[in-house]
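Below is one structure; the comments refer to it alone.
Read-outs: derived from the displayed coordinates by stated rules, not from any lab. Bear in mind that the values here come from a model prediction, so they are computed numbers and not experimental data. We place every Cβ from the backbone using ideal geometry, glycine too, and count neighbours over all the protein chains shown.
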């Protein structure tokens, strides 16, 4: 049966996107196919495809990151790497479920997760 879903997100500027996720957030580049690349962090995997005509401020593409209870560490990483946290980014604590501890969730349109 289905074991997981993997987000496939657009990029406008490939190198800027890779630098944001790899250098800014600590993801690892797994594969690079020119106009398509794959990154990962622990169990998370993201795929990116080239979309040079994407209008950043009109995009509905989003990413939803579930973070373990070390949300403060992520926040410190963002601050240390000078990654602006856009006002539309929502941080909240989720109660989790019976099998997991509470987790923090970072939700933002892809175009807002960006070095400014």
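Pulled fully out, how much extra length does the chain show between residue 35 and residue 76, if you take 0.36 nm times their separation in residues and subtract their Cα-Cα distance?
Extra length available between residue 35 and residue 76 comes to 11.6 nm.
Which part of the range 52-85 falls in the paramagnetic zone of residue 19, meaning amide N under 13 Å from the point 7 Å along Cα-to-beta-carbon?
Inside the label zone: 82-83.
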